Structures are given as C-alpha cells and as structure tokens.
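Visitor: What follows is a single structure, and I will ask about it in a moment.
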Amino acid sequence: MKILFVAADPKPERWTNLIQQHLPDAEIQVWHPDSPSCGADYAIVWHPPAALFDKEPQLKAIFNLGAGVDALVKVPNLPRNVPVVRLEDAGMAVQMAEYVAYHVIGITRDMDAYREQQTAGQWKLRRPIERSDWPVGVLGLGHIGQRVARTLAGLEYPVCGWSRSSYAIDGVRSFAGEAELDGFLGETRVLINTLPLTDSTRDLIDYSLLSRLRPDAVVINVGRGEHLVDEDLVRAIEEGRVTRAVLDVFREEPLPTTHPFWNMSQVSITPHVSARTLREATITQIGDKILALEQGQAISGIVDVQRGY
Ligand code: NDP
C-alpha cells in the first residue's frame, strides 16, 4: 500500500518514521509539488494544495491531521467520492478540557487578583466562589465539547451544552439547534466555543449573541477564530457585558501585532496551543483506520463534507 504524507512540516520524517513503524509494509512518500504521481492509496494531509487531488486521483481515503477540516473542505477539487477522515480526540480532548478548566478556575477563583496582591505584599481574602454564579455553556458537544463539559460538570459548575442534536450527559443540560440557542445563552455566563467552523457557525459569536449571555460574561474561544466577530467582542468588553475573554484561535494567525486584543487587559491570548496534535496518538489512530479499511471494515470519523464537519 502507498501512503503520501502532505504537510508543510520541515521535518516530515518525524511523521513518516512513525507511520512506517505502524504500517511496516507501506511504501511512504512525502509530497513534493514537482514529484510525479506516486499512485498513492492514502493521503495523510494538513492544508494540502489543490494539486494533490489532480495528481493522485486514485486515493482510497484522505486522512486529516487534525479534528477541524475547515481548511480541507475548502479545497475546490477535493474529491467527493473519497472518504475524508478527521482525527477523533487523539489526545486533544483532555488537553482542551485542561486548558478550559485552568482558565475557568483561574477566573472564578480570582487568581489574577491574588497574584497582584502578592506583588503588593497584601494578605487579603477575597469572596469565596459560588458555583451557581458561574453557569457554563459549551458550544459544540462533540469529542472535544463533551470532554470539556464533563470536566466542568465534575467540578460542579452548572453546565449546559449546545449542539445540533440533543445529548444525555450526566450533569450537562443539553440544548439543540437554532430553536434552543436563546435558551442556552440565557443560562450561560461562561461561554466556551468548541464548534467546528462551517458555513452555519462562521461569525456565530457576534454582538447579538454576546448580548444574550448572562451579565458579566466570560468568553473562551478554542474553536476557530472565524467563529468570533472580533470587533463585536471588543465592543461587548468596552460596554462591560463581557468581563473576560480567553482566546486561543484567531482569524489571522499569528495575531497581527496591531490587533486591539493585544492591549486589552480583559483578554488572555495563547498562540493556538489549547490542544496540540500528538504525533504518536495521531498516527496510531490513522494507522489503525488504514488497516481497518484494507480489511474491508467500516471506520468512524468520516466527515460529512457537505455539512462541513
Ligand atoms: P466534533 O465533530 O466531534 O463535534 C462538533 C460538535 O459541534 C458536535 O456536537 C456538533 O453537533 C456541533 N455542531 C456543529 N455544527 C453545529 C451547528 N450548526 N449548530 C449546533 N451545533 C453544531 O468536533 P470536535 O469536538 O472533535 O472538534 C471541534 C472543533 O474544535 C474542531 O472542528 C476544531 O475547529 C476545533 N479544534 C481546535 C483546536 C485548538 O487547538 N484550538 C484543536 C482541535 C480542534 P452534533 O453532535 O449534533 O453533530
């Protein structure tokens, strides 16, 4: 079987060595735009060029090196008859839960203020946390959102989740579809976005949505930058509707140095690190799926390209 690795990684051998270990019989090549077609059976890709699909029309499946396929489904000649497979968790959900829990705990327990007090040499107790004051709403209840929601529910925050379909999750109130979005927002003070970026979710977090959250809202965006209308968040912060924002993803990455977020004390910025792709776990998952396909078995994680996730 032939596998083509297509990602702008300066050290692709870090991936291909692992693939070879997992699939010793496979013939593995690294994509180069000038190389002739290698007749690949499978492509393992991250932001591939359109030329890939012209050159390799016989692919049996395309594996995306990430959970989000927003960049891949935009490639105009992505073949419609070939399964596109996304990463399912692969070690990312726990990282995301950790990242979100860290910030929710830090904000609700006033940790920044204690740090400032330390700098000022002050020993002063602040008001203890009332969890009922911090209802959490998780946008998206997929692999990542469910893990985030369960983690915060385990810490006894009131937790709601919003998704397309309804879910029964212990400690999490499920809201489904457009019709229940208002109800979800009305129950939410800490909004956490884990949605995939699609035509229906782009620009979802705008001024109107932010205005429907509980007062003194907090926004944590770990989905994609294009879910959030930046100037609307700036306005909501200036008006005091939103008091804190934690942003890991941005419309333009790296975030331009002139962007207003950099100078807002209410905004915490991280450079798209809330969940890193773990090579071992990723290649184990993809390798197992390739073996399953070779044996004619069904696999999970196939993207509905029309729907966009
Ligand atoms: P999943 O596909 O497992 O889950 C997506 C969830 O979003 C599902 O619950 C789905 O509902 C819901 N959803 C999608 N569209 C809508 C809609 N229009 N209205 C309501 N709900 C909707 O994805 P993952 O959890 O694995 O990943 C989510 C996203 O997280 C990725 O697409 C990626 O963009 C982002 N991500 C960010 C990373 C980072 O480092 N910042 C790392 C990894 C991922 P339903 O279940 O009903 O279909």
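Each reported figure results from applying straightforward, stated rules to the coordinates on display, with no laboratory input. Just so it is clear, the structure is predicted and the values come from calculations on it, not from any experiment. Here the Cβ is made from the backbone with ideal geometry for all residues, glycine too, and neighbour counts use every protein chain on show.
Visitor: Between residue 278 and residue 300, how high is the FRET efficiency from 1/(1 + (r/R0)^6) when r is the Cβ-Cβ distance and R₀ = 30 Å? Nearest 0.05. Spell out each step's value before the answer.
Guide: On the way: r = 19 Å, r/R0 = 0.62.
The value I calculate is 0.95.
Visitor: Tell me the relative contact order for the chain as a rounded percent, counting alpha carbon contacts under 8 Å between residues six or more apart. Don't skip to the answer; put the middle values down first.
Guide: On the way: 541 pairs, mean separation 50.3, N = 309.
Relative contact order of the chain: 16 percent.
Visitor: Rounded, prolate or oblate, given the Cα gyration tensor of region 180-270, with a/c below 1.5 counting as rounded?
Guide: Values: a/c = 1.89, a/b = 1.20, b/c = 1.57.
Judged from the Cα gyration tensor, region 180-270 comes out oblate (a/c at least 1.5, b/c at or above a/b).
Visitor: While we're looking at this one, here's another question. Among all helices in the chain defined by DSSP H, which have a length of 15 Å or more along the axis from Cα atoms plus a Kyte-Doolittle mean of at least 0.5? Let's see the in-between values first.
Guide: On the way: long enough: 92-108 (24 Å, 0.99); 143-154 (17 Å, -0.09); 279-294 (22 Å, 0.03).
Correct list, ordered by number: 92-108.
Visitor: If you don't mind, another one. Looking at the chain from every direction and averaging, what is the projected area of its Cα convex hull in nm²? All intermediate terms of the calculation are to be shown ahead of the outcome.
Guide: Numbers: hull surface 73.1 nm².
If I average the Cα hull's projected area over directions, I get 18.3 nm².
Visitor: Here is a further query. Out of the trypsin sites (Lys or Arg not before Pro) in region 1-93, which ones are loop residues according to DSSP with at most 15 other C-beta atoms within 10 Å? Let's see the in-between values first.
Guide: Working: sites: 2, 14, 55, 60, 74, 80, 86; in loops: 60, 74, 80, 86.
Of the trypsin sites (Lys or Arg not before Pro), the ones in loops of region 1-93 whose Cβ has at most 15 other Cβ atoms within 10 Å are 60, 74, 80.
Visitor: Just for the Cα atoms in region 92-269, what are the lengths along the principal axes, largest first, rounded to whole Å?
Guide: 51, 39, 31
Visitor: Please report the relative contact order for region 190-234, taking Cα pairs under 8 Å with a sequence separation of at least 6, and give it as a percent rounded to a whole number. It would help to have the intermediate numbers written out before the result.
Guide: Working: 52 pairs, mean separation 25.6, N = 45.
Relative contact order for region 190-234 comes out at 57 percent.
Visitor: Taking every pair of distinct Cα atoms and averaging 1/r, then inverting, what Kirkwood hydrodynamic radius in Å comes out for region 147-219?
Guide: Values: mean 1/r = 0.0781 Å⁻¹.
For region 147-219, inverting the mean 1/r across all distinct Cα pairs yields 12.8 Å.
Visitor: Which whole-number percent is the relative contact order of region 92-269 (Cα, under 8 Å, 6+ apart)? Kindly include the intermediate steps, with their values, before the conclusion.
Guide: Values: 306 pairs, mean separation 28.8, N = 178.
Worked out over region 92-269, it gives 16 percent.
Visitor: Compute, for the chain, the length of the dipole vector about the Cα centre, with Cβ point charges of +1 (Lys, Arg) and -1 (Asp, Glu) only. Units Debye, rounded to 20. Numbers along the way, then the final one.
Guide: Details: 31 positive and 40 negative charges, 103 e Å.
My answer is approximately 500 debye.
Visitor: Here's a follow-up. Tabulate in residue order the Karplus-calculated ³J(HN,Hα) for region 196-209, using 6.51 cos²θ - 1.76 cosθ + 1.60 with θ = phi - 60°, rounded to whole Hz; enter x for Gly and Pro.
Guide: With coefficients 6.51, -1.76 and 1.60, one gets x, 8, 9, 4, 7, 10, 4, 6, 4, 8, 10, 4, 4, 5 Hz.
Visitor: Just to be sure I follow the rule: in the chain, considering lysines 8 or more places apart or on different chains, how many pairs have Cα atoms under 19 Å apart? If you can, show how the numbers build up before the last one.
Guide: Working: 2/55; 2/60; 2/289; 55/74; 60/289.
Taking the Cα cut-off of 19 Å, the pair count is 5.
Visitor: Taking the Cα centre of region 92-269 as the origin, how large is its charge dipole in debye, to the nearest 20, when only Lys and Arg (+1) and Asp and Glu (-1) carry charge on their Cβ atoms?
Guide: On the way: 19 positive and 25 negative charges, 124 e Å.
Dipole size: approximately 600 debye.
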